[in-house]
2 protein chains.
Amino acid sequence: MTAFAHAAMEQLTDLLGKRLLTDQESAERYGVDWTKVWAPSPCAVALPETIDEVQQIVEIANEHGLHLVPSGGRTGLSAGAVAANNELVVAFDRMNKVLDFNEFDRAVTVQPGVVTQQLQEFAEEKGLFYPVDFASAGSSQIGGNIGTNAGGIKVIRYGMTRDWITGLKVVTGKGELLELNKGLIKNATGYDFRHLFIGSEGTLGFVVEATVKLTRQPKDLTCLVLGAPGFREVMKILHAFQQDIDLTAFEFFSDKAMAHVLAHGVPKPFDTECPFYCLLEFEQLSEQVGEQAMAIFEKCVEEGWVLDGVMSQSLQQLDQLWQLRERISESIAPHTPYKNDISVSIAKVPDFVEDVDTVVQDAYPDFEIVWFGHIGDGNMHLNILKPADLAKEDFFAKCNNVSKWVFEIVEKYNGSISAEHGVGMTKKPYLEYSRSPEEIACMKAVKQVFDPNNVMNPGKLFDV
Amino acid sequence: MTAFAHAAMEQLTDLLGKRLLTDQESAERYGVDWTKVWAPSPCAVALPETIDEVQQIVEIANEHGLHLVPSGGRTGLSAGAVAANNELVVAFDRMNKVLDFNEFDRAVTVQPGVVTQQLQEFAEEKGLFYPVDFASAGSSQIGGNIGTNAGGIKVIRYGMTRDWITGLKVVTGKGELLELNKGLIKNATGYDFRHLFIGSEGTLGFVVEATVKLTRQPKDLTCLVLGAPGFREVMKILHAFQQDIDLTAFEFFSDKAMAHVLAHGVPKPFDTECPFYCLLEFEQLSEQVGEQAMAIFEKCVEEGWVLDGVMSQSLQQLDQLWQLRERISESIAPHTPYKNDISVSIAKVPDFVEDVDTVVQDAYPDFEIVWFGHIGDGNMHLNILKPADLAKEDFFAKCNNVSKWVFEIVEKYNGSISAEHGVGMTKKPYLEYSRSPEEIACMKAVKQVFDPNNVMNPGKLFDV
């Protein structure tokens, strides 16, 4: 440890006492996310309890050239919160309180360490609803959701995390506390830095407080699972329903995904085997809405867009049908899947999927490709399963080629190399497939404004 | 004219030919918005037809130190598009085409000069709906709406302009063309500069193309006009309805506003005179929703929150009731009103209004204060009428004091000095009441990134 580092550690110990963790176990626990490519190697873990402490940590970092990595629920999938290079992890587990609730604004102010599910439950207690929901809701934290602009399964109706944040307090890389937008709905007073910080992956500063809008609880959720002869028909189904019904979800999965999830023990929705399936959900606000949905369903059958289908008749059936979609990930997990999270504009999805299929199968005919995702917002999860007889290293080496091809196709279709997981370290080498050199140069210059000494999560998103 | 300016004009003439206007009439027409405080004095007006021409104009400006002012429909209320200091006005009237429509994404790509109403009508032709709507929709342009993040009367349900823009092409102050977010719903690849440009009032660059989401058309709109004994009861009415019904509008106006609009010839909704009125609107998607609304209405009467009320029974009645709110502005126009557009979080509105009333009436008991606005999103329009016997200059001198007091109260309630009209030149001196010195310093530094030579709309928002 250098003399500089010693001095920094001393100051941090004075500030945090036992809330500065230096043991190996803590380093390994707090220094990673759900990606396992980089080994955790932080110099220590800080557990601040107040905004003032966060500011002091940033000041110490600036003084001593210490690098800081924000840590929330550590459920990230892009190594955005991995501390692999002797950084100080700043974990928000101790800043996990709901600070304020306001029934007229339907707004709740929380610390960044509040877990997504804790916020969802708080909303429910108040007779309200926090609609951003995804698989890791039980451990992901609001601060991390904001850092990555988390999306999930209800984006078609409710949007991304971005759409629910009305106020942010951030500590910038300079140690300044900024209060952004103050929980207001309407505020036309210049640049909206709130939106700049949302999705910035901790590279500009720390989120230390957030005001979040809530909405009314959904009523009588109903879903349909439909089988379609092709991807183009799935698009027509989406279009037909959206004209009349406010969908709360529109998910799709391929026959291969269906086969895995059925083998995993989830009950079959109907007998007809189809190349593609979609699951759509809506609020059955009145009987009329249900009748309307049935009429559109029948029209889709007549047109040949739907081969078979089923509509939930109870909440229990709704949950059961959702398992067809939600349990795909775990059903393919034993096959060591290569995963990619990409998006294009909705209309381009069928061509995009076809192109990726062709390129991958031409090169690697023994690869099984499993598609599923949030088709209603153009977001697909590409999964490629490892053939049983292929060694892990060989598989991942081949998948590196796949990544390049996939991102080339993403670029061709003007899409995003990361729809919802973020860039972090895993997609950093590919950023130019989605953002132009001019844009990346602007990003670096903007980072310079808020974090001139590059103390905030360096090496993530881009290298300065 | 300096030699530099001569050279610039020559280059611009070579580029644009007759689309460079230098006559006095054009200068007066294009150099202003709806504010009339600053006299227009541009050096010329450019009417580009292509993105390439816009880029060349910016390059010429950088070369010769020419200042550029964007000009859309010129309906602004903060002098954000006024060219009072020999700037070159860049007007987008010739870039007014719909470029693309995609039914699956429900997305339309437009040039910045498309008029709001033109977009609304295009959406309607496609069986869809563009929901951002306000009084100047007939002449405001999309580019200007984006520059100011225009809001309007349906924000409670549909949000601001920001919420409908999925892609932006901008030409920065450096002349670079950036393609921001590309029409994607999900895109987690670093800083979302789209949101930085939205609401930046043309100080970072020109919007040269936008991709806009559309939604389904609203069905069976129904409204209620209710009279309440006080402002706190208005909040309770809002709360009661929002728990069960998705409101498309929740407007309020005071008894004084009602008196003016009735005197203006709009029919009375009911006989009971009340201190406050609200107008709320929703989609009556089924009979059940209508019954629900009636039940909540009755509950509000029982609780004493509502003194009287009426519900529209037809589209014609809906339109008539809306006139009570929409024609307030014109009904008070003859009284030379001082206007201010401010917001606080919704729960704070009653106290805020009371504080402003007290301060203004204490100092100027002869001033009539007329309140109305979008209470569902915390946005109030404060109007003070000129007493008939007070000279205009004296009135405006006193109103300057009022502005300062109002902004002090805004600051106390952590609100915004400009809810939806923007800062421009009119609110520039007051920006510190809503944004901290640190934030303003960051804004200036961010402007420097995109517009290092300060050619883009200088003197608006802040002075560099």
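Values quoted throughout were computed directly from the atomic coordinates according to the rules given, and no laboratory measurement underlies them. The structure presented is a predicted model; accordingly, all values stated were derived computationally and were not measured. When we count neighbours, we look across all protein chains shown, and the Cβ atoms used for this are built from the backbone with ideal geometry, even at glycine.
Structural remarks
- Principal-axis tilt of helix B:116-125 within chain B, Cα atoms, nearest 10 degrees: 70
- Computed from phi, the 3J(HN,Hα) profile of segment A:231-244 under the Karplus parametrisation 6.51, -1.76, 1.60 (θ = phi - 60°) reads 6, 5, 5, 4, 5, 5, 5, 3, 4, 4, 6, 5, 5, 10 Hz, with x in place of Gly and Pro.
- Segment B:221-329: relative contact order in percent, alpha carbon pairs under 8 Å with at least 6 residues between: 48
- Residue-wise HN-Hα couplings along segment B:185-195, as the Karplus relation 6.51 cos²θ - 1.76 cosθ + 1.60 with θ = phi - 60° gives them from phi, are 7, 10, 7, 9, 10, x, 4, 8, 5, 3, 5 Hz; Gly and Pro carry x.
- For chain B, the normalised intensity computed at q = 0.09, 0.11, 0.12 Å⁻¹ comes to -0.64, -0.94, -1.10 (log10 of I(q)/I(0), Debye sum over alpha carbons, equal scatterers, no solvent).
- A:D14/B:E411 FRET efficiency (R0 41 Å; Cβ-Cβ; nearest 0.05): 0.70
- Sum of side-chain charges, B:W322 neighbourhood, beta-carbon under 12 Å (Lys, Arg +1; Asp, Glu -1): -2
- Förster radius 30 Å - calculated FRET efficiency between A:F129 and B:Q217, Cβ distance, rounded to 0.05: 0.75
- Taken along its three principal axes, the alpha carbon spread of segment B:98-216 comes to 38, 30, 27 Å, from the longest extent down to the shortest.
- Extent along principal axes [Cα atoms of the protein assembly as shown; Å; largest to smallest]: 93, 67, 64
- Database remark: amide H of B:H381 closer than 5 angstrom to the amide H of B:F372, B:G373, B:H374 (H placed geometrically; neighbours at sequence offset of 5 or more, or on other chains; Pro and chain starts carry no H).
- Take the Cα of A:Q361, go 7 Å toward its beta carbon, and the backbone nitrogen atoms of segment A:257-295 under 20 Å from that spot belong to A:257-261, A:273-278.
- Cα convex hull volume per residue for segment A:400-458 (Å³): 91
- Mean Cα-pair separation over length for chain A, i.e. relative contact order, pairs under 8 Å, 6 or more apart, %: 15
- Set A:K126/A:K348; A:K186/B:K392; A:K97/B:K299; A:K36/A:K268; A:K213/A:K412; A:K154/A:K299 screened for pairs whose C-alpha atoms are more than 29 Å apart: A:K126/A:K348; A:K186/B:K392; A:K97/B:K299; A:K36/A:K268; A:K213/A:K412
- Protection proxy ranking for A:7-16, B:38-47, B:129-138, B:296-305, using the average of other Cβ atoms within 10 Å per residue and placing the highest first: B:38-47, B:129-138, A:7-16, B:296-305.
- Estimated [θ] at 222 nm from DSSP helical runs (n ≥ 4, -39500 (n - 2.57)) normalised by residues in chain B, nearest 500: -11000 deg cm²/dmol
- Stokes-Einstein D in µm²/s, Kirkwood radius over Cα pairs - segment A:167-229 at 20 °C with 1.002 mPa s viscosity: 148
- Amide H contacts under 5 Å for B:E368, placed H, 5+ residues apart: B:L385
- Here's the picture: charge each Lys and Arg Cβ at +1 and each Asp and Glu Cβ at -1 in segment A:98-216, and of A:L184, A:T109, A:Q120 the one pushed furthest to the positive end of that dipole is A:L184.
- Under the criterion of Cα pairs below 8 Å and six or more residues apart, the relative contact order for segment A:1-159 equals 19 percent.
- The mean number of Cβ atoms from other chains found within 10 Å of a Cβ in peptide B:342-350 is 5, as a whole number.
- Neighbouring Cβ atoms from other chains, within 10 Å of the Cβ of residues in B:240-249, number 2 on average.
- 18 Å reach of a label modelled at B:D308, 7 Å along Cα-to-Cβ, counting backbone N of segment B:238-264: B:253-264
- Segment B:1-145 has equivalent-ellipsoid semi-axes of 30, 18, 10 Å, by the square roots of 5 times the alpha carbon gyration tensor eigenvalues, sorted largest first.
- Neighbour-count order for A:R194, A:R157, fewest beta carbons within 10 angstrom listed first: A:R157, A:R194
- Sequence-distant residues sharing a close amide H with A:L221 (under 5 Å, placed H): A:Q284
- Within 10 Å of each Cβ in B:172-181, the average number of Cβ atoms from other chains: 3
- Rounded tilt (10° steps) of B:287-302 against the dominant C-alpha axis of chain B: 60
- In sequence order, calculated HN-Hα J values of segment B:357-369 (Karplus, 6.51, -1.76, 1.60; Hz; x Gly/Pro): 3, 4, 4, 5, 5, 4, 7, 10, x, 8, 7, 9, 9
- Computed over the alpha-carbon atoms, segment B:221-329 gives an Rg to Rh ratio of 0.94, Rh here being the Kirkwood radius from the mean inverse distance.
- Relative packing of B:139-152, B:388-401, which averages over residues the other C-beta atoms within 10 Å, highest first: B:139-152, B:388-401
- Label geometry 7 Å along the beta-carbon vector: B:A441 inter-copy distances in nm: 2.8
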